Amino acid sequence: YEPLLVDLLRPVLAQCLAHGVRIVSNFGAANPQGAARRIHALAAELGLARPRIAVLQGDDLSSPEHRALLQGALGDAMPTEPIVSANAYIGAQAIADALRAGADIVVCGRVADPSLVLGPALAHYGWALDDWDRLARATMAGHLLECGAQVTGGYFADPGYKDVAGLAHLGYPIAQIDADGHCTITKPPGTGGCITERTVKEQLLYELHDPAAYLTPDVVADITTARVTTVGADSVRLEGVQGHARPATLKVNVCFESGWFAEGEISYAGPRAE
């Protein structure tokens, strides 16, 4: 599970439980059950009542009984080398069900990033699972939040061209989602960064292969009719997103041994990148 799990939860767990603030996260990673056990242990260390934790399962497709399913989907691309992991990106319905059942904390493994936000909205408003426009709007709220402080100016910053104040203390964004799924993006007062129409538009387009058909497990979102407007200082509203029926299949990551270590790299582009 997420190595920073305890560091993330220790400062906030007592207050969240005391005030009924539910926690939903994919910090279960490859071991959601282990994450849940560690959270129970942390609560005990802090002298708190044992929280009610829901663990979402169903994303792990690495067992032998799933091999035929993967073979049918991958065909000739099915690796002959040992499979290390195979995980489906699952959606928001199970998150909503867990919250409705009274979970204080929902621990997910592999789940689509926007579903972490759509799930609580589904549980709160009780939208139908085929209310495509509302699902798509809340999905795009989740899309704006999924990279944390990028929408508050993190990756937007390009010094001398797009200056952002307080980069060392960026505020994490907040999405205020209404009953129709429209959202207002803001951040805590006194924090660094900024939320503007430009930061929201850049993040809205992030990793969007088709603005008319952003595929998620819950809905196909269409932002071609979206409207982004300033409603206050560090407060931007997103409206007009449309939705279409969800895809018939789920996205799956399959990782296999091929004699290589993995290496990740991120590039920072722009005239003043250095």
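Laid out as a table, the results:
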read-out: Output for segment 145-155, where each listed residue is within 14 Å of residue 175 (Cβ to Cβ) and buried (at least 24 other Cβ atoms within 10 Å of the Cβ); value: 151, 152
read-out: Every pair of residues 6+ apart whose Cβ atoms lie under 7 Å, when the first sits in segment 61-73 and is closer than 20 Å to residue 29 by Cβ while the second is open to solvent by less than 90 Å² (accessible area, probe 1.4 Å) and not in a helix (DSSP H, G or I); value: 61/86; 61/87; 61/88; 61/252; 62/83; 62/85; 62/86; 66/86
read-out: Qualifying residues in segment 175-186 (those that are touching a residue at least 40 places away in the same chain (Cβ under 8 Å) and open to solvent by 20 Å² or more (accessible area, probe 1.4 Å)) - the one nearest to the chain's Cα centre (by Cα); value: 175
read-out: Some residue of segment 247-257 being over 23 Å from the mean Cα position of the chain (by Cα), of a type outside the set (Phe, Trp, Tyr) and not assigned by the TED database to the domain that holds residue 70; value: yes
read-out: Filter result for the condition that a residue is touching an Asp or Glu at 6+ places or on another chain (Cβ under 6 Å), outside any strand (DSSP E or B) and surrounded by fewer than 19 Cβ atoms within 10 Å (Cβ to Cβ), over 130, 97, 113; value: 113
read-out: Residue list for segment 217-274, restricted to those being over 30 Å from residue 184 (Cβ atoms), touching a strand residue (DSSP E or B) at 6+ places or on another chain (Cβ under 6 Å) and open to solvent by less than 60 Å² (accessible area, probe 1.4 Å); value: 252, 253, 254
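Every residue, every condition in (1) in a loop (DSSP other than H, G, I, E, B); (2) touching a residue at least 24 places away in the same chain (Cβ under 8 Å); (3) not aromatic (Phe, Trp, Tyr), yes or no:
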position: 188; (1), (2), (3): yes, no, yes
position: 201; (1), (2), (3): no, yes, yes
position: 224; (1), (2), (3): yes, no, yes
position: 236; (1), (2), (3): no, yes, yes
position: 246; (1), (2), (3): yes, yes, yes
position: 258; (1), (2), (3): yes, yes, yes
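The values are calculated or read from the model by the stated rules, or taken from the named source; none is laboratory data. Everything quoted here is computed from the prediction, not taken from an experiment. No Cβ is skipped: glycine too gets one built from the backbone with ideal geometry, and neighbour counts run over all protein chains shown. Areas reflect the complete protein model, heavy atoms only, side chains present, ligands, DNA and RNA absent. Shrake-Rupley method; radii C 1.70, N 1.55, O 1.52, S 1.80 Å.
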